[in-house]
Amino acid sequence: MLGSTSSAGAAELSKADLAFFETKIRPVLVKHCYQCHSADSKDPKGGLLLDTRDGIRRGGEMGHGVVPGNLDESLVISALRYESVEMPPNAPLPANVIANFEKWVQMGAPDPRAGKSSVQRKINFEEARAYWAYQPIEPVSPPATQNRAWPLTTIDQFVLARLESHDLTPAAAARPETLIRRVTIDLIGLPPTPEQVDAFVEDCAQLRQADEAIPVAAMERLVDQLLESPHFGERWGRHWLDVARFGESTGMERNYTFPQAWRYRDYVIAAFNADKPYDEFITEQIAGDLLESQSPSERLKNLVATGFLAIGPKSLNERNREQFAMDIVDDQIDVTTRAFLGLTVACARCHDHKFDAVPQAEYYALAGIFRSTDTFYGTGGGNGNRQSGQLLTLRDGQIGKVSANGGNKNKANANKIKQLTKQIRNFENQLKRAQSAGNAAAKIQKLEKQIAASKKRLSDTRRQMEAETKAKSTKPDAVIMGVQDSAKTDDTQIRVRGEPD
């Protein structure tokens, strides 16, 4: 029975079982057990290997390590409970971790691991640096071709060389009516109008020289016209918006609209239409709030660019504020490293990266930077939104902050003023009665302190409401979704298994 159970592979596990093992079981084994009980340890203690499915079930000198479905026969469980041998030897694991192992055994000990352990003590950075994807791009000379007349560009030489290697020849040149349709759809995503087709055909007829099928001058004129079209940025900016995981709502359990996400979308379109240098494009999106600006319009553009870090899925129904904050950080690390490095660094939130040279410590070094960043995404509270967000404002070149639901906030302040006024009146009536009845001085002093505290809260609330009303009446130049450096630097520690606490 044990042998047949142990032959079950990862392909037979449900997603839930696999997720439970990868998040609750494997990280604990790696951190606390593999040093003494893996194939990489010089002399596995007690003959027990815990780094494969077969090893943990077969056990060691004392018997089976794990018997699926049977807690009493699973020696790993008794060791974690400190009922027999005591493992880990230095100190018992937390009760919730032991409970996870008990649940895992009761689930049938689902385990995707097979064969020998691939655990490594350290990431080999020298070996990782040699990986082909990290090598500098070197110039390559275009190959020679038999047909020297056909290639017009170096790209044509590569294409033709491959064709000739297979004894193939290029297709005949497209007619002007066909070519303009292909080029127009490729560059702006729209078909040409009949007038545009007629104009291009006429250009080809007038500019054709010798045996040119399509005159180069006519083609250059057409391409320049299409690149100057605002539709070019709309067509090609969409690809970057996919990379940036752009969406106009939060998704997740409570799907709230991002009221200012459109500004980032328009920034991307404008960047493509302006042929913005790529290094500027990167810098503005990651650190636009820190760049020097020569004008209010440039300041606005740079702030809007940081919407790259503010958009993305948000679990607004999350009760745990620390969990929510770290989820935002994880999303920011994920999109930044995917977009600009081509790496899935977010895999290192719970453990060292399984394939790339990204240790968990480096993930949390990045997390400290993003945790020291305030994110303004602007979703109002209420209706299941436990994590409402503010927006940035720009007024006369000065950055401010505003609640996404200012009207609701004023209404809440008005209710608070009403309640505090009633509370003060009740305290004052109690004070009069206490003074008339000759109550103890301690009781009278307590009431006086309560009245003073309530009056201070009332005064603060009124000032806050006045400020909100004034800010609302003074319309800002722009309301922005983006990020800013936090006033406080947060040095984030490594979170075991990625958990917030």
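A few comments on the model shown:
- The residues in the range 332-359 that are surrounded by fewer than 18 Cβ atoms within 10 Å (Cβ to Cβ), touching a residue at least 60 places away in the same chain (Cβ under 8 Å) and not in a loop (DSSP other than H, G, I, E, B) can be counted, and the count is 2.
- Single residue of the range 37-95 satisfying the filter (assigned to a loop (DSSP other than H, G, I, E, B) and in contact with a strand residue (DSSP E or B) (Cβ under 6 Å, 6 or more places away or on another chain)) that is nearest to residue 105 (Cα to Cα): 74
- For the range 286-317, the set of residues classified as surrounded by fewer than 18 Cβ atoms within 10 Å (Cβ to Cβ) and among the acidic types (Asp, Glu) consists of 292, 298, listed by residue number.
Condition check ((1) in contact with a Cys (Cβ under 6 Å, 6 or more places away or on another chain); (2) in the same structural domain as residue 64 (by TED's automatic domain parsing); (3) charged (D, E, K, R)) across all residues:
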{"residue": "76", "(1), (2), (3)": "no, yes, no"}
{"residue": "81", "(1), (2), (3)": "no, yes, yes"}
{"residue": "88", "(1), (2), (3)": "no, yes, no"}
{"residue": "95", "(1), (2), (3)": "no, yes, no"}
{"residue": "132", "(1), (2), (3)": "no, no, no"}
{"residue": "139", "(1), (2), (3)": "no, no, no"}
{"residue": "149", "(1), (2), (3)": "no, no, no"}
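- Here residue 386 does not fit the description of being modelled with pLDDT of 90 or more and of a type in the set (D, E, K, R).
- Here is the figure for the range 325-356: residues that are modelled with pLDDT of 90 or more and more than 11 Å from the chain's Cα centre (by Cα) total 8.
- Yes/no for residue 161 being out of contact with any helix residue (DSSP H, G or I) (no Cβ under 8 Å at 6 or more places or on another chain) and modelled with pLDDT of 90 or more: yes
- Residue within the range 79-92 that is of a type in the set (A, V, I, L, M, F, W, C), touching a His at 6+ places or on another chain (Cβ under 9 Å) and closer than 28 Å to residue 499 by Cα present: yes
- Residues located in the range 240-262, provided they are in a loop (DSSP other than H, G, I, E, B) and either polar (S, T, N, Q) or surrounded by 19 or more Cβ atoms within 10 Å (Cβ to Cβ) (or both): 244, 246, 250, 255, 256, 258, 260
- If the condition is being touching an Asp or Glu at 6+ places or on another chain (Cβ under 8 Å), of a type in the set (D, E, K, R) and in a helix (DSSP H, G or I), then the range 303-331 contributes 322, 327.
- Condition check for residue 461: in a helix (DSSP H, G or I), hydroxyl-bearing (Ser, Thr, Tyr) and either without any contact (Cβ under 8 Å) to a residue 60 or more places away in the chain or touching a Lys or Arg at 6+ places or on another chain (Cβ under 7 Å) (or both): yes
- Matching residues in the range 423-451 - criterion: being hydrophobic (A, V, I, L, M, F, W, C) and surrounded by fewer than 12 Cβ atoms within 10 Å (Cβ to Cβ): 437, 440, 441, 442
- Among (1) acidic (Asp, Glu); (2) touching a helix residue (DSSP H, G or I) at 6+ places or on another chain (Cβ under 7 Å); (3) not assigned by TED's automatic domain parsing to the domain that holds residue 31, the one test that residue 102 misses: (3)
- Checked against (1) in a helix (DSSP H, G or I); (2) more than 26 Å from residue 478 (Cα to Cα); (3) of a type outside the set (Asp, Glu), residue 237 passes all but condition (2).
- Criterion applied to 160, 187 was being of a type in the set (A, V, I, L, M), under 29 Å from residue 228 (Cα atoms) and assigned by TED's automatic domain parsing to the domain that holds residue 220, and the one residue passing it is 187.
- The residue of the range 464-501 that is modelled with the highest pLDDT, among those that are closer than 22 Å to residue 318 by Cβ and assigned to a helix (DSSP H, G or I), is 498.
The values are calculated or read from the model by the stated rules, or taken from the named source; none is laboratory data. Keep in mind that this is a model prediction, so the values were computed, not measured. Backbone-built Cβ (ideal geometry, glycine too); neighbour counts: all protein chains shown.
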